[in-house]
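Participant: Provided herewith is a single structure, encoded as structure tokens, for subsequent inquiry.
The values are calculated or read from the model by the stated rules, or taken from the named source; none is laboratory data. Bear in mind the structure is a predicted one, so any value in this text is a computation, not a measurement. All Cβ positions, even for glycine, are placed from backbone atoms using ideal geometry, and neighbour counts span all protein chains on display.
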Amino acid sequence: MCGIIGIVGRSSVQERLIDSLKRLEYRGYDSAGVAGVVDGHVQRRRAAGKIKALEDVLAADPLNATVGIGHTRWATHGGPSTKNAHPHTQGRVTLVHNGIIENYAELREMLKADGRTFESETDTEVIAGLIDSELASGKDPVAALKAALDQLSGAYAIGVLIDGEDELVMGARKGSPLVVGYGEGEMFIGSDALAVGPFTNRIAYLEEGDYVAIDHDKARIFDANGKPVKREMRTVAASAALVEKGNYRHFMEKEIHDQPEGCQRTIAAYVDTLAERAAIPGGVDFAALERIQIVACGTSYIAGLLGKYLIEQLADLPVDVEIASEFRYRDPALKPGTLAIGMSQSGETADTLAALRLCEAKGMTTAAVVNAQESTMAREVDVVWPIHCGPEIGVASTKAFTAQISVLTALAVAAARARGQIDAAEEQRLVRVLLGAPRLIAESINLEDAVKAVAVEIAKARDVLFLGRGPMYPLALEGALKLKEISYIHAEGYAAGELKHGPIALVDEKTPIVILAPFDSYFEKSASNMSEVMARGGQVVFITDPEGQQHAPAGARVVVTAPQSDPLIAPLVMAAPIQLLAYYVAVQKGADVDQPRNLAKSVTVE
Ligand code: F6R
């Protein structure tokens, strides 16, 4: 969950380390630090809080180094303080780490028994201690690194500096990603392509268990057995411009507005626009499938739930959707004939990766709907279904969510046709509807001012309920998740039919109830629920479409009217109002929209 950068440069690295850490801030942001080799000796600068705090430290005490490492942290072991901030030093070794060392307590005791003392409460410091002990026993740096790695269990990506070595950065990965970047007379390591994006687009992805030593001109890569290996160098697109905020105040705001384009690009990759047919790459035979198993976390899980509604209804193909952290540990009954699909923006979520590996081990075909096309998940599965919405930086997922739904919608249409549930004419009609979605999403985003006005009221609430039926139920879950994570208001999403089974007890005049109800086959039922809520003094925010507005019972406090759409794409069209609602409530409350407390964009620990 933390971000790592390492540079063996020809010129000062301070600014470049900071630039890279800013790009990596989405991985964690409770403290940050850098280290560099100055006159043959390693020096560190660290600060609790955001990268800005580290910049202040560096302004007062610059790091005049051409070789260095940097880290932005999401705390696991030990609170977010300067003392726990990386890099950590033991003897000659200074390092940064992303992941969790599971046997750290045992290793710490062992190292303490050898007379070492520890400065921090982290699991990371033991890695430095181990490497330093191996150096002290006479090994060279690379051999010392390998000997230390052999003693670790858990997940890690690390970047290492050694005192006295002024042209060396070492790295290693197991469970957490690490890339090597090839520059002109300069070399880099980083958590992902984005980290090294401003310096080079020539990248090699380390594989599980690999470790590496970089100098000015080359990378020596070794596999887990210590055998020198070559990892393919690729040219990736991680252009600096893609991660600018432009004229927007926050990345989340920009990313909400990116959605028409992100969905358009994504849909274009999954339909044949000329033939007006769904065209799903990867050669999956939907007619032969008996079941689909979707595994995912958070917002990606909610996108998966929407997939269930779409695929089962259109294609009559059973779909199970499960939270990856539950699925991976509960011994699920996995049958041949099932396609496992992981949904993940980052492609690095530890639980989703583990769930897919479990499916793979059971002989299932695996697929992943991912945004990060160079991610571990994308590289491990049998079939990659990328979304094309561009890098998502705001911690709260928005454009990746609608792009994921776009893929699942196309997939539902393709599966329906393959399984004989719809004919060619209906497929054409549905594809045309899907191709029209970006325009309607754009219209939906134009509701911004109306939503802003609602947000002023919602910002005063302590609790908010989101209700929906059918595909609006997952969207209700997503509305509640978005609101909680960025505005810190307690919110719950419920299937509207569940109202009478408990949540109705929460209804009073202080609790806003957001009801999502386009004019679809569920509308009448949702309208009844709205009446029930209003009869008990509940303040309803009704998000509907023009026909729904005409048929809605009178008395809703606020009606937000999204564009009319075919039910196939209603989830895409109705997503923007709930995202904007969460966004403007958070802005109203002065919250840190792009980097909400305790969260990280890429959850690479379970
Ligand atoms: C919520 C959010 C998270 C992620 C979850 C899975 O806005 O962003 O709930 O959806 O951490 O992440 P990915 O999709 O990267 O696997």
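Participant: Just a yes or no: is a residue in the stretch 539-551 in a helix (DSSP H, G or I) and among the β-branched types (Val, Ile, Thr)?
Facilitator: Within the stretch 539-551 (the criterion being in a helix (DSSP H, G or I) and among the β-branched types (Val, Ile, Thr)), the answer is no, since none of the residues qualifies.
Participant: Let me ask something else about it. For the stretch 474-490, what are the residues that are buried (at least 24 other Cβ atoms within 10 Å of the Cβ) and farther than 13 Å from residue 515 by Cα?
Facilitator: Once the filter is applied, which keeps residues that are buried (at least 24 other Cβ atoms within 10 Å of the Cβ) and farther than 13 Å from residue 515 by Cα, the stretch 474-490 yields 482, 483, 486, 487.
Participant: Filter the strands (runs of 3 or more DSSP E) completely within the stretch 1-120 down to those with at least 2 residues that are within 24 Å of residue 150 (Cβ to Cβ).
Facilitator: 3-8, 67-73, 88-90, 93-101
Participant: Now a separate question. Listed residues 457, 498; which is within 27 Å of residue 597 (Cα to Cα) and more than 23 Å from the chain's Cα centre (by Cα)?
Facilitator: Just a single option satisfies the conditions, and that option is 457.
Participant: On the given criteria, is residue 148 buried (at least 24 other Cβ atoms within 10 Å of the Cβ) and free of Cβ contacts under 8 Å to residues at least 40 places away in the same chain?
Facilitator: Yes, satisfied.
Participant: Checking the conditions here, which among 459, 450, 455, 480 is within 16 Å of the ligand (Cβ to nearest atom) and not charged (D, E, K, R)?
Facilitator: 480
Participant: Surrounded by fewer than 19 Cβ atoms within 10 Å (Cβ to Cβ), farther than 19 Å from residue 376 by Cβ and in the same structural domain as residue 14 (by TED's automatic domain parsing): which single residue out of 141, 228 fits that description?
Facilitator: The unique qualifying residue is 228.
Participant: Exactly one of these conditions fails for residue 298: (1) in contact with a Leu (Cβ under 6 Å, 6 or more places away or on another chain); (2) within 16 Å of the ligand (Cβ to nearest atom). Give me its number.
Facilitator: Residue 298 satisfies all of (1) in contact with a Leu (Cβ under 6 Å, 6 or more places away or on another chain); (2) within 16 Å of the ligand (Cβ to nearest atom) except (1).
Participant: Out of the stretch 544-568, which residues are polar (S, T, N, Q) and touching a residue at least 40 places away in the same chain (Cβ under 8 Å)?
Facilitator: 561, 564, 565
Participant: For the stretch 197-299, give me every one of the strands (runs of 3 or more DSSP E) that falls completely inside it and has 2 or more residues that are within 20 Å of residue 602 (Cα to Cα), β-branched (Val, Ile, Thr) and free of Cβ contacts under 8 Å to residues at least 24 places away in the same chain.
Facilitator: It comes to none.
Participant: Could we say that residue 517 is surrounded by 24 or more Cβ atoms within 10 Å (Cβ to Cβ), without any contact (Cβ under 8 Å) to a residue 60 or more places away in the chain and out of contact with any Pro (no Cβ under 8 Å at 6 or more places or on another chain) here?
Facilitator: Answer is yes for this residue.
Participant: Only one of 28, 49 is crowded, with 24+ Cβ neighbours inside 10 Å and at positive phi. Can you tell me which?
Facilitator: 28 is the lone residue from the list that is crowded, with 24+ Cβ neighbours inside 10 Å and at positive phi.
Participant: On to the next question. Could you tell me whether residue 288 is within 15 Å of residue 411 (Cα to Cα), of a type outside the set (Val, Ile, Thr) and at pLDDT below 90?
Facilitator: No, not satisfied.
Participant: Within the stretch 79-138, take every residue that is in contact (Cβ under 8 Å) with a residue 24 or more places away in the chain and of a type in the set (Lys, Arg) and give me the one that is surrounded by the fewest Cβ atoms within 10 Å (Cβ to Cβ).
Facilitator: The selected residue is 83.
Participant: Are there any pairs with C-beta distances below 7 angstrom linking a residue in the stretch 355-373 that is more than 21 Å from residue 179 (Cα to Cα) to a residue that is among the charged types (D, E, K, R) and part of a loop (DSSP other than H, G, I, E, B), with the two at least 6 apart or on different chains, and if so which?
Facilitator: Here the result reads 355/328; 358/328; 365/382; 366/382; 367/382, each pair linking the stretch 355-373 to a residue that is among the charged types (D, E, K, R) and part of a loop (DSSP other than H, G, I, E, B).
Participant: Here's a check for you: in the stretch 562-606, which residue that is more than 12 Å from the ligand (Cβ to nearest atom) and of a type in the set (Val, Ile, Thr) is surrounded by the fewest Cβ atoms within 10 Å (Cβ to Cβ)?
Facilitator: Per the stated criteria, the residue is 587.
Participant: Taking the options 289, 305, name whichever one is over 22 Å from residue 396 (Cα atoms) and either within 14 Å of the ligand (Cβ to nearest atom) or hydrophobic (A, V, I, L, M, F, W, C) (or both).
Facilitator: None of the other options fit; the residue is 289.
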